[in-house]
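Asker: Questions regarding the structure given below will be posed in turn.
The values are calculated or read from the model by the stated rules, or taken from the named source; none is laboratory data. Remember, it's a predicted structure, so these values are computed and weren't measured experimentally. Cβ sites come from the backbone with ideal geometry, for glycine too, and all protein chains shown count toward neighbours. For the accessible areas, the whole protein counts, side chains as well, though only heavy atoms, and no ligand, DNA or RNA atoms are used. Shrake-Rupley method; radii C 1.70, N 1.55, O 1.52, S 1.80 Å.
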Amino acid sequence: MIRFLKYAVISLVILTLLGAGAVAGLYWYVKDELPSVETLRDVRFQTPMQVYSADGKLISQFGEQRRIPLKLDEVPQPMIDAILATEDSRFYSHRGIDPIGVARAFRVLVTTGEIREGASTITMQLARNFFLTRERAWMRKIKEAFIALHIEELLSKDEILELYLNKLELGHRAFGVGAAAQVYYGRDIHELTLAEIATIAGLPQGPSILNPISNPQASVQRRRIVLGRMLDEGYINRAEYDAAFNAPVTARYHTAEIEVSAPYLAEMVRLSMVERFGVDEAYNGGYKVFTTVHSEQQLAAQRALRENLHAYDERHGYRGPERRLWGIDVQRLSATETFGAQHPADEATAELIRRYQGQAWSQADVIAYLNRQPRIAQLQPAVVLAVHEQSVEVMTRTGEAQTLPWEQLDWARRYIDAERQGRAPQTAGEILQIGDHILLRPVDNQWRLAQIPGPGSAVVGLNPQNGAIESVVGGYSFNLNQYNRATQAKRQVGSTIKPFIFAYALERNFTLASLVNDAPITQWNPSAGSAWRPRNSPEVYDGPIRLREALARSKNVVSVRLIRELGVNETADYMANFGFMNDEIPRNESLSLGSASFTPMEIARGYAVFANGGHLIDPFFIERIEDADGNIVFQAEPRYACASCMYESYQQEHGEGAAPSRPFRQAPQVISEQVAFLVTEGLQSAVWGGGSWAHNTGWNGTGWRAQSLRNRNLAGKTGTTNDVRDAWFAGYTSGIVAVTWVGFDNLEFALGRSSLNANLGRQRQPIVGSEAGGTTALPGWILYMETALQYSESEPFELPTNMVSVRIDQPSGRLTNRTDHTSMFEYFIRGTQPTDFAEQNGRGRQLFEDEEGLFR
């Protein structure tokens with residue numbers, strides 16, 4: 001017996017030595033292939049970039065992986081319990097390798113001859129997730145074990161568990177338990193039920209096959225296994241187990257919880273971040289980008305643009321349903337025809353139309369068809385089920401039946417062409433038929449018949465004091481077309497150019513009281529064999545007119561006469577002061593009528609010079625960038641129109657001598673404060689009008705509709721190109737500059753639109769049918785400013801130094817002692833005011849016109 005024990009002990013020692021030697025040999029064999037685990041001390045998870053509004057609302061998220069990194073103490077205890085019970089119940093008692101688990105896996109291997117259990121601890125899984133693949137091979141398991149031992153030497157158990165919970169791949173691009181809670185349930189991890197926690201805890205072993213969205217039955221079975229392990233380990237009681245065991249599957253896919261829709265801005269941020277950090281770092285570095293845009297202003301801009309475009313479209317008639325699904329003679333249609341549609345049918349739709357042979361579709365097929373339609377802005381696809389005298393019944397993609405009353409249909413006169421529409425419909429049957437696929441939009445808690453608007457549009461809101469972009473919308477729908485008209489579309493600016501020309505005239509000693517002849521111009525061009533005849537719009541000519549009224553009423557021939565006096569090249573050079581590229585400014589007289597092409601953002605920047613007293617600011621849209629740890633890695637340092645004002649305001653708030661965290665840089669002065677003030681005066685007359693000396697009545701400027709905002713500090717200018725292809729309104733207060741543009745896209749960009757848009761053949765058409773800047777662009781500007789004015793300063797413009805105000809005679813622009821309707825007070829830069837009096841005969845003194853139509 002003693003001899004047997006002796007041999008047994010010797011054998012055990014030999015086996016132990018052999019085992020130790022084998023382990024040592026294996027380690028030396030693979031040690032050169034083992035990665036350094038030191039990187040785990042400073043691990044950076046791939047975390048998506050998030051874009052926020054100035055008031056902290058999520059605008060967008062970019063990145064391949066969705067992850068919400070959590071500290072261990074931020075993970076609810078039931079989630080930790082569920083993971084430990086399922087994946088590694090002895091996690092806190094082993095050193096990275098679980099001998100009991102290894103023995104169990106070895107026994108299964110011996111009895112079955114297959115590797116059915118991996119005996120992987122949480123630490124080993126962490127090693128695999130960071131450094132290895134999921135390949136089932138002995139050598140990978142060996143490496144996994146050695147790496148796990150290294151990890152246990154380097155990190156504490158809590159640090160290992162925290163890394164594990166954030167690294168887990170849990171399906172649908174969700175990495176980590178924090179992201180999984182959002183992806184599957186749309187809630188914070190602390191808001192999950194026990195059943196939902198168990199569902200997520202069951203995913204690591206098979207995020208695809210155990211997924212509650214794609215495979216709910218398998219997910220339920222896995223959830224019950226997790227609950228059983230939690231019950232066995234004493235983490236939950238029987239009542240909790242039973243309730244969670246029988247809970248229904250509530251998971252569905254949730255995208256990132258976007259709080260503010262601003263896709264054009266988000267794309268601007270994305271491009272800027274990629275340029276700054278590179279694609280991989282920008283997408284996965286966990287950056288939080290805080291923009292300058294306020295959420296309410298942004299939503300107001302988007303709403304204004306869409307409502308304004310729909311109003312334009314409704315004025316021009318209904319182009320018909322998107323497609324007719326039944327009620328048509330299928331036999332007479334070829335396979336390539338469009339089935340009475342504005343665009344070709346996809347193959348699935350064409351097959352359904354043929355199968356039903358013109359008969360009504362089943363509800364299931366209608367819903368499936370509607371759910372295949374692209375999502376465009378707030379438009380909702382629907383199919384007409386019944387047509388009554390003055391209403392129709394439709395089905396939406398939810399399967400819900402809705403009734404469209406007559407007041408939501410009666411606008412739909414038949415579109416004939418850009419200038420003509422059919423007669424006003426009297427019945428719903430004149431507009432729609434059963435089986436029509438139509439589009440609806442929400443209006444005042446009702447659905448309204450709609451269509452994708454033909455023109456494009458853009459809205460820009462800019463802080464004139466520092467250049468912060470407060471709203472930007474580049475089109476009707478980003479899904480329809482990603483082309484950003486606010487920053488990319490260089491369009492002819494029409495009469496919005498005039499304030500810059502008039503500003504140069506004021507620099508050259510013209511005044512708001514200077515007279516220019518508002519009379520037709522004809523200039524013969526021998527080389528072309530034709531005459532150039534610039535015209536007013538409307539073609540009304542008033543003879544001698546003061547610059548204030550000429551600007552307010554947008555007199556084209558006055559602008560032409562001014563540029564002739566000032567010089568084309570000199571005027572073009574002066575315009576460069578407003579931030580316009582010199583080589584993009586035409587060097588001919590057509591410049592006076594707005595032949596130059598600029599983006600809405602460039603126009604907003606130019607008008608900001610008038611709004612802020614003559615300083616050129618730089619538009620910016622990123623306020624700051626934070627890294628994944630909350631450290632600020634970038635802070636905007638804008639140039640201010642009044643940097644000293646900012647310092648003074650800062651010290652009043654934080655105490656005298658307090659140093660700001662960033663410098664307040666001064667924007668350059670590009671025109672005099674006095675000229676900026678006088679241009680603003682003229683543009684305020686464009687909104688509020690003035691008195692008429694001839695008829696003792698008031699006259700309106702081209703922007704008179706903006707009076708509805710009831711803000712006496714508004715200044716602005718309409719713009720319409722000669723061929724009426726572009727309509728503009730640019731306006732401002734001391735606290736905000738806003739620009740709206742409406743026009744049909746150029747053909748090269750129109751071709752990028754969705755096939756749902758039936759206007760591809762009309763993209764170069766003009767905005768016609770009594771449309772102009774004041775009727776097409778200005779209403780959208782007003783809609784936006786109704787909200788924007790609530791978030792910006794709107795103080796009266798301060799009178800600069802070196803200015804005087806004198807009473808003038810309106811017809812002559814000279815001094816007067818009269819106090820009746822023929823006179824008014826006017827502002828002048830000191831030294832430019834008139835010094836002689838008008839004759840007091842009611843008609844003004846004799847005026848002498850020079851060859852340029854200017855009165856001296």
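Asker: If R₀ is 22 angstrom, what is the calculated FRET efficiency for the pair residue 825 and residue 711, using the beta carbon separation as r and rounding to 0.05?
Answerer: 0.55
Asker: Another one. Can you give the local net charge around residue 578? Use residues other than it whose beta-carbon is closer than 9 angstrom to its beta-carbon, Lys and Arg +1, Asp and Glu -1.
Answerer: Residues near residue 578 contribute 0 overall.
Asker: Still on this model: How many angstrom separate the Cα center of the range 446-505 from the Cα center of the range 561-610?
Answerer: Value for the Cα centre distance between the two parts: 18 Å.
Asker: Turning to a different aspect of this structure: Longer than 23 Å from Cα to Cα, which of 157/288; 57/717; 71/288 are they? Say none if no pair is.
Answerer: With Cα atoms farther than 23 Å apart: 157/288; 57/717.
Asker: Classify the range 595-647 from the C-alpha gyration tensor, please: rounded if a/c falls under 1.5, else prolate or oblate depending on whether a/b exceeds b/c.
Answerer: Working: a/c = 5.24, a/b = 1.61, b/c = 3.26.
It comes out oblate by the Cα gyration axes.
Asker: If you don't mind, there's one more thing I want to ask. For residue 64, project a label point 7 Å along Cα to C-beta. Then give me every residue of the range 258-280 with its amide nitrogen under 12 Å of that point.
Answerer: Backbone N within reach: 280.
Asker: Please report the net charge: other residues with Cβ closer than 11 Å to the Cβ of residue 512, K and R +1, D and E -1.
Answerer: With Lys, Arg at +1 and Asp, Glu at -1, the net is -1.
Asker: Moving on to the next point. What size of dipole, in debye to the nearest 20, comes out for the range 172-265 about its Cα centre when the only charges are +1 on Lys and Arg C-beta atoms and -1 on Asp and Glu C-beta atoms?
Answerer: Here the range 172-265 has a charge dipole of around 340 debye.
Asker: Less than 19 Å from a label point 7 Å out along the Cα-to-Cβ axis of residue 173: which backbone N atoms in the range 50-64 qualify, by residue?
Answerer: Within reach of a label on residue 173, which here means backbone N under 19 Å from a point 7 Å along Cα→Cβ, the range 50-64 contributes 50-52, 58-64.
Asker: What do you reckon, how do 393, 626 stack up by accessible area (1.4 Å probe), largest on top?
Answerer: From most accessible down to least: 393, 626.
Asker: Give me the net charge for the shell around residue 425: Cβ to Cβ below 12 angstrom, other residues only, Lys and Arg +1, Asp and Glu -1. All intermediate terms of the calculation are to be shown ahead of the outcome.
Answerer: Working: positive: 413, 414, 423; negative: 389, 410, 430.
Here the count lands on 0.
Asker: While we're here: Using a 7 Å offset from the Cα along the Cα-to-Cβ direction at both residue 205 and residue 645, what is the distance between the two label points in nm, to one decimal?
Answerer: Simple spin-label model gives 6.8 nm for this pair.
Asker: In addition: For an R0 of 30 angstrom, estimate the FRET efficiency from the Cβ-Cβ distance between residue 661 and residue 799 and round to the nearest 0.05.
Answerer: 0.30
Asker: So, R0 is 60 Å and r is the distance between the beta-carbons of residue 420 and residue 635; what FRET efficiency does that work out to, to 0.05?
Answerer: 0.60
Asker: Using +1 at the C-beta of Lys and Arg and -1 at the C-beta of Asp and Glu, which of 478, 517, 462 has the Cα lying farthest in the positive direction of the dipole of the range 457-602?
Answerer: Among 478, 517, 462, the one farthest towards the positive end of the dipole of the range 457-602 is 517.
Asker: May I ask for the distance between the Cα centers of the range 174-188 and the range 358-409, given as a whole number of Å?
Answerer: 34 Å
Asker: Report the trypsin sites (Lys or Arg not before Pro) located in the range 529-630 that are in a DSSP loop and have at most 15 other Cβ atoms inside 10 Å of their Cβ, or state none.
Answerer: Answer by residue number: 535, 587.
Asker: Mind listing P(r) for the range 152-278? All alpha-carbon pairs, 10 Å bins, whole percents.
Answerer: Going from the shortest bin to the longest, the percentages are 12, 34, 30, 16, 7, 1.
Asker: Tell me the trypsin sites (Lys or Arg not before Pro) within the range 423-523 that lie in a loop according to DSSP and have at most 16 other beta-carbon atoms within 10 Å.
Answerer: Here the sparse-neighbourhood loop sites are 423, 490, 508.
Asker: How large are Rg and Dmax for the range 497-608 when calculated on the C-alpha trace, in angstrom?
Answerer: Taking only Cα atoms of the range 497-608, I get Rg and Dmax of 14.0, 42 Å.
Asker: Of 228, 172, 214, whose Cα points farthest to the positive end of the dipole of the range 140-261 (charges on the beta-carbon: +1 Lys, Arg; -1 Asp, Glu; origin at the Cα centre)?
Answerer: 214
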